[in-house]
Ligand SMILES: Cc1cc2nc3c(=O)[nH]c(=O)nc-3n(C[C@H](O)[C@H](O)[C@H](O)COP(=O)(O)OP(=O)(O)OC[C@H]3O[C@@H](n4cnc5c(N)ncnc54)[C@H](O)[C@@H]3O)c2cc1C
């Protein structure tokens, strides 16, 4: 047996010891999928795996991407390695044989594991491909959710598939649609009217070969800013100027620094006021780019970090792009906006029917007056403990109680358990267990009928005999 085959046998044995997956127990409904997971990136796979371990086996995932190209890792992620330490257990759901470490060691051995510094991003994607295969997770690729609406006590999902449009009815839908899952790339207003030949968002496909010998500007100082700048420099860009609004690049990774089972389990458990206070503070401090990514850029003499430099205007002039900044104006050939993501349902036509009803944090009366209502905290959905959306007007859209938000946008309500690698298993278990409990409660009449109908005897005739008499009372007793 190869190393991987041995690991797979060990995983099968571990699952057998834990009596997993549980036997299916959710009553079938003709033509109805129990849970449709939209997105088969890391979060979607972990959620689907947990549901199936819990015996909710009429569940499946769809992903718009081709098989094996879900998420950023082999598409627009331009770093060489993950930022995360190799020791994180990610989507392993508490199963040692399902960890990256087990997968890696099975193939390359313990010395190679000890020698490994950070996980190459392509190798992380290979691990996710294996994860999906070894758990036999049902995923339909090249399949995009294009519309979602309530239908009775179900959700009606319209899918664009290679064979054409298809309608799927599901009791629950989980949106595991990633960083841009409830919106898209955040782009500075000054770029928005500019011809797309002159700029791209960092999460888009970019023809770096075409930037060879040309001048380039990268906006931002996060991980993606560094990775895109480095990729352009390595592709032969003439010069790369990074425009950074802050006076210094953030250097301390605050929330990661206090990472613990306490933060994983507790950040979603504290009061709303504390959630806002913690996430507002963390957002203000910002996440630093990984040191190795910064060094990858700084190694090039034709790279320049411009601090205290905000972009204030942009215009096409003589075939180039003139940029106005808080420190003066200059011309360049192309801009990459590494400016992150935002929640804006306008970018998500598949949610157009439901989005107007979604309660966001800014809709709440106790949302602090000193925080912008249209900022990332204000626009984050105010989720229930099972990750479902809540209605802005009670009773206006009951379908939202069947739609679970298991992506980055859940962070303010639930903590960092549905986006990054460290605590994705915590999130998947919270989600899966909530859905299991709700299915039982919703089907309680059927479950009660099953209870009544269940008649498999554990004792047989002859296992005992009824005594004809009570014992005689003892003398003096
Ligand atoms: C460049 C980059 C580097 C990162 N590096 C790290 C790191 O080192 N460590 C760490 O902990 N985290 C990292 N992250 C954060 C996080 O781990 C990743 O974003 C991760 O991919 C999140 O997984 P996900 O499943 O939520 O989203 P994704 O992996 O993005 O998967 C979402 C999937 O949903 C699909 N989808 C979206 N809309 C639809 C639709 N309508 N119909 C069908 N399918 C749809 C997409 O095709 C996609 O495959 C990084 C993120 C980025 C962007």
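The values are calculated or read from the model by the stated rules, or taken from the named source; none is laboratory data. The structure presented is a predicted model; accordingly, all values stated were derived computationally and were not measured. Cβ: placed from backbone, ideal geometry, glycine included. Neighbour counts: every protein chain shown.
Structure above, values below:
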quantity	calculated
Cross-chain or 6+ apart pairs with Cβ under 9 Å, region 68-82 first and assigned by TED's automatic domain parsing to the domain that holds residue 121 and under 12 Å from residue 128 (Cα atoms), then assigned to a strand (DSSP E or B) and within 6 Å of the ligand (Cβ to nearest atom)	73/82
Residue 47 being in the same structural domain as residue 430 (by TED's automatic domain parsing), part of a loop (DSSP other than H, G, I, E, B) and within 10 Å of the ligand (Cβ to nearest atom)	no
Test: residue in region 123-137 that is within 18 Å of the chain's Cα centre (by Cα) and free of Cβ contacts under 8 Å to residues at least 12 places away in the same chain	yes
Given (1) free of Cβ contacts under 8 Å to residues at least 12 places away in the same chain; (2) buried (at least 17 other Cβ atoms within 10 Å of the Cβ), number of the condition residue 465 does not satisfy	(2)
Scope region 169-198; condition within 12 Å of the ligand (Cβ to nearest atom) and more than 15 Å from the chain's Cα centre (by Cα); matching residues	185
Some residue of region 395-418 being outside any helix (DSSP H, G or I) and over 34 Å from the mean Cα position of the chain (by Cα)	no
Qualifying residue in region 135-144 (condition: at pLDDT below 95 and within 15 Å of the ligand (Cβ to nearest atom))	no
Criterion violated by residue 187 - all others in (1) assigned to a loop (DSSP other than H, G, I, E, B); (2) more than 22 Å from residue 343 (Cα to Cα) satisfied	(2)
Total residues in region 19-58, condition under 26 Å from residue 101 (Cβ atoms) and in contact (Cβ under 8 Å) with a residue 60 or more places away in the chain	17
Helices (runs of 4 or more DSSP H) enclosed by region 227-315 - at least 1 residues per element that are under 19 Å from residue 188 (Cβ atoms)	272-285
Residue list for region 28-44, restricted to those being more than 9 Å from the ligand (Cβ to nearest atom) and within 16 Å of the chain's Cα centre (by Cα)	36, 37
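Okay, residues lined up against (1) assigned to a loop (DSSP other than H, G, I, E, B); (2) farther than 28 Å from residue 412 by Cα:
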site: 429; (1), (2): no, no
site: 439; (1), (2): no, no
site: 447; (1), (2): no, yes
site: 450; (1), (2): no, yes
site: 456; (1), (2): yes, yes
site: 467; (1), (2): yes, yes
